[in-house]
Amino acid sequence: YVHRDNPLTKLTLTQLDAIYSADRLRGGANAITKWGQLGLTGEWADKPITIYGIPKIFGTAEFFRIRALDDGNWASHVKLPPGSPTKLAVTAGEEFYEAMSKALDADRYAMGVLIGHYATPNVKPLALAEKEGAPHFAYTKEDVIARNYPLSRVVYIFVNKDPSKPVSYTH
């Protein structure tokens, strides 16, 4: 995700790896640290990218590291948004994604990983492609369900319940 004013609309996983990774295992020649390296011009060209990552306490961080960074290591300049939880708790995910959305809201030059339903009107998702020349897929319900969006995944849930009773849940 980026601020809604950001003219960027899409990335490849190779570019995402060059932004977030220390290793660039997807083949990026150089680390991407400025918006101009992604093709932006004018006022954006020389602006550094504020890069927000995910706390390592979340499974999402490990999924992103394996999938987007090709099992590489996080770059040292990736930081957590202000107000991020540092310990795993029932509300930690919600607190983190709200902090991420606020950080992206406040910084036009920031990029971060966000789950869509925490996005505010001031942020937008970027379409992603596996590599240069491959089709880009938007972060839409349809492309996530079809697993076209490169950061889509299946999440399994196990419930310990009496088999003769229905599942009870609240949200």
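The values are calculated or read from the model by the stated rules, or taken from the named source; none is laboratory data. Everything numeric in this text was worked out from a predicted model, so none of it was measured. Virtual Cβ from ideal backbone geometry, glycine too; neighbours counted across all protein chains shown. The accessibility values were calculated without ligands, DNA or RNA, using every heavy atom of the protein model including side chains. Shrake-Rupley method; radii C 1.70, N 1.55, O 1.52, S 1.80 Å.
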Only one of these is within 26 Å of Ser152 (Cβ to Cβ), polar (S, T, N, Q) and touching a strand residue (DSSP E or B) at 6+ places or on another chain (Cβ under 7 Å): Thr60, Thr33, Thr91, Thr12. Name it. Thr12
Taking the range 111-136 and keeping residues touching a strand residue (DSSP E or B) at 6+ places or on another chain (Cβ under 8 Å), closer than 23 Å to Asp5 by Cβ and open to solvent by 60 Å² or more (accessible area, probe 1.4 Å) leaves His136
Does the range 54-101 hold any residues that are among the aliphatic types (A, V, I, L, M), farther than 20 Å from Arg24 by Cα and modelled with pLDDT of 85 or more, and which are they? Leu80, Ala99, Met100
Every residue in the range 58-94 that is more than 20 Å from Gly116 (Cα to Cα) and either open to solvent by less than 50 Å² (accessible area, probe 1.4 Å) or of a type in the set (A, V, I, L, M) (or both), please. Ile66, Leu69, Gly72, Trp74, Ala75, Val78, Leu88, Ala89
Quick one: is Ala18 aliphatic (A, V, I, L, M) and part of a helix (DSSP H, G or I)? yes
Just checking, does the range 19-31 include any residue being at pLDDT 95 or above, hydrophobic (A, V, I, L, M, F, W, C), within 23 Å of Lys102 (Cα to Cα) and surrounded by fewer than 20 Cβ atoms within 10 Å (Cβ to Cβ)? no
